[in-house]
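In what follows, a structure is listed as structure tokens, so that the remarks can point back to it.
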Amino acid sequence: MSDAKEDELEAVPERARRAREILTRWGWVEPTVWTERMLTALDEGVKGGVWYSLMDKVHPERVLRAAYFRVAANKGAAGVDHVTVTMFEDRLEENLKDLSDALRTGTYRPQAIRRHWIPKPGSQEKRPLGIPTVRDRVVQTALRQVLEPIYERDFATHSYGFRPGKGCKDALRRVDELLKGGYTHVVDADLKSYFDTIPHDRLLALVAKKVSDGKVLNLIDAFLHQGVLDGLDEWTPEQGTPQGAVISPLLSNIYLDPLDHLMAESGFAMVRYADDFVILCRSCRGSGPRPGSGATMDGVGRPDAASDQDASHRRWDRRLRLPGLPIRGWHPPPATKEPGQAQGHGSGDDATDLRPQPLHDHQAAQSDASRLVWIFPTQPPVDVSRTR
């Protein structure tokens with residue numbers, strides 16, 4: 001037997017082992033979309049890192065059928081057309097064919113989203129939930145089945161929200177691991193009204209870095225501009241992606257992925273779950289980024305005039321500057337009384353100085369997800385005033 005033939009035979013087990021590893025790593029993807037050949041291209045990386053023709057992976061009836069069964073498993077409510085999951089299934093084959101034809105010919109148009117208000121945990125406020133129609137949820141699910149693996153491949157490891165094989169318990173384990181490793185100075189952050197303020201143009205630009213299929217991009221743009229029906233009021237949103245839409249969690253992670261990678265490159269140990277994240281540091285000084293990273297953190301301490309504190313009990317206004325995403329926050333003084341009561345205040349006094357100060361008008365106008373978020377860090381060490 002020739003040496004070339006022997007080398008070819010030896011390569012067969014190696015290729016089979018490699019194929020098994022890829023299938024194991026991507027076992028969660030939808031098999032009606034992601035063939036073994038496509039998974040190999042995904043795992044090894046496509047030329048230029050950009051996928052071109054994808055719409056033909058969204059509109060086949062077999063893909064839409066798999067998407068429907070995922071929608072049906074969630075048992076969601078009807079949208080503005082009042083068509084329930086059961087009613088959609090009564091004419092399943094006809095509905096799937098109509099959707100497939102509309103997507104293939106470019107005549108598909110999403111319907112308005114029904115807005116429903118639900119209680120916000122730990123608050124008297126309510127938050128809006130968008131309920132698309134069943135047909136739109138089927139299309140969004142099919143679209144997500146195609147797109148999710150492409151972006152999931154490069155998502156940061158410290159992002160845990162709405163990702164296959166990850167969840168809140170994994171995020172908590174990571175935080176616990178960092179705390180036990182000495183990262184005991186924690187900045188707890190929340191992006192105010194994040195889903196409602198994502199800029200459409202910037203989001204689509206990030207999507208287009210990996211997907212250049214114009215039909216797919218137009219479909220995403222159509223979902224972002226779906227009308228919203230709240231009672232008798234209807235309008236078209238100029239920014240944001242509705243909470244409750246199938247595609248929204250993926251889009252929200254795509255938008256914050258550059259932040260995830262920037263924080264890692266800047267030397268921050270961050271754990272993010274959707275629009276909530278914590279940054280853990282070994283010390284107050286250690287909370288600063290690495291030189292040359294493009295991120296800076298500064299702070300100015302001042303006595304709290306309202307409670308007449310001395311210099312050892314200071315409020316700290318801190319601003320973390322990241323390209324395109326300034327984050328402002330405040331370190332509260334150590335509390336010695338009941339939770340929620342400011343030090344130095346009587347039980348009936350208003351503790352408004354413990355809340356973030358209101359923004360000036362020109363700052364409030366920039367309160368979308370790309371610009372502003374209030375940070376509420378944990379209690380600083382007692383010698384924080386001597387570290388500046």
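Suppose we keep only residues that are small (Gly, Ala, Ser) and more than 14 Å from the chain's Cα centre (by Cα) within segment 190-222. Which one would you say is nearest to Tyr255 (Cα to Cα)?
Ala205
Could you identify the single residue in Val134, Val139 that is open to solvent by less than 20 Å² (accessible area, probe 1.4 Å), touching a Leu at 6+ places or on another chain (Cβ under 9 Å) and either closer than 25 Å to Ala66 by Cβ or polar (S, T, N, Q) (or both)?
None of the others qualify; the one that does is Val139.
For segment 225-263, how many residues meet the condition of being more than 16 Å from Arg163 (Cα to Cα) and of a type in the set (A, V, I, L, M)?
Residues in segment 225-263 being more than 16 Å from Arg163 (Cα to Cα) and of a type in the set (A, V, I, L, M): 6 in total.
Would you be able to tell me the number of residues in segment 78-107 that are assigned to a helix (DSSP H, G or I) and either of a type outside the set (Phe, Trp, Tyr) or surrounded by fewer than 20 Cβ atoms within 10 Å (Cβ to Cβ) (or both)? If you could, list the steps in order and put the result at the bottom.
Our first condition is that a residue be assigned to a helix (DSSP H, G or I); within segment 78-107, this holds for 85-90, 92-105.
If we keep only those that are either of a type outside the set (Phe, Trp, Tyr) or surrounded by fewer than 20 Cβ atoms within 10 Å (Cβ to Cβ) (or both) too, we end up with 85-87, 89-90, 92-105.
So the answer is 19.
Can you confirm whether Arg15 is at pLDDT below 95 and among the basic types (Lys, Arg)? Break it down into steps so the answer makes sense when it comes.
Values: at pLDDT below 95: yes; among the basic types (Lys, Arg): yes.
Yes: the conditions hold for Arg15.
Residue under question is Tyr273, and the condition is that it be modelled with pLDDT under 95, under 30 Å from Leu172 (Cα atoms), under 18 Å from the mean Cα position of the chain (by Cα) and not basic (Lys, Arg); does it hold?
Here the answer is no, as Tyr273 does not meet what is asked.
I need the full set of residues from segment 225-270 which are under 24 Å from Leu172 (Cβ atoms) and of a type in the set (D, E, K, R), in order please.
Asp257, Asp260
Look through Pro121, Pro110 and report the one residue that is open to solvent by 20 Å² or more (accessible area, probe 1.4 Å), at pLDDT 95 or above and either over 26 Å from Tyr68 (Cα atoms) or not in a helix (DSSP H, G or I) (or both).
Result: Pro110 is the single residue among Pro121, Pro110 that is open to solvent by 20 Å² or more (accessible area, probe 1.4 Å), at pLDDT 95 or above and either over 26 Å from Tyr68 (Cα atoms) or not in a helix (DSSP H, G or I) (or both).
Residue check: is Arg62 open to solvent by 90 Å² or more (accessible area, probe 1.4 Å) and either in a helix (DSSP H, G or I) or among the charged types (D, E, K, R) (or both)?
yes
Taking Thr141 as the residue in question, decide whether it is under 20 Å from Lys215 (Cα atoms) and without any contact (Cβ under 8 Å) to a residue 24 or more places away in the chain.
No, not satisfied.
The values are calculated or read from the model by the stated rules, or taken from the named source; none is laboratory data. Here the structure is a predicted model, which is why all the values come from computation and not from measurement. All Cβ positions, even for glycine, are placed from backbone atoms using ideal geometry, and neighbour counts span all protein chains on display. Heavy atoms of the whole protein, side chains included, go into the accessibility calculation; ligands, DNA and RNA do not. Shrake-Rupley method; radii C 1.70, N 1.55, O 1.52, S 1.80 Å.
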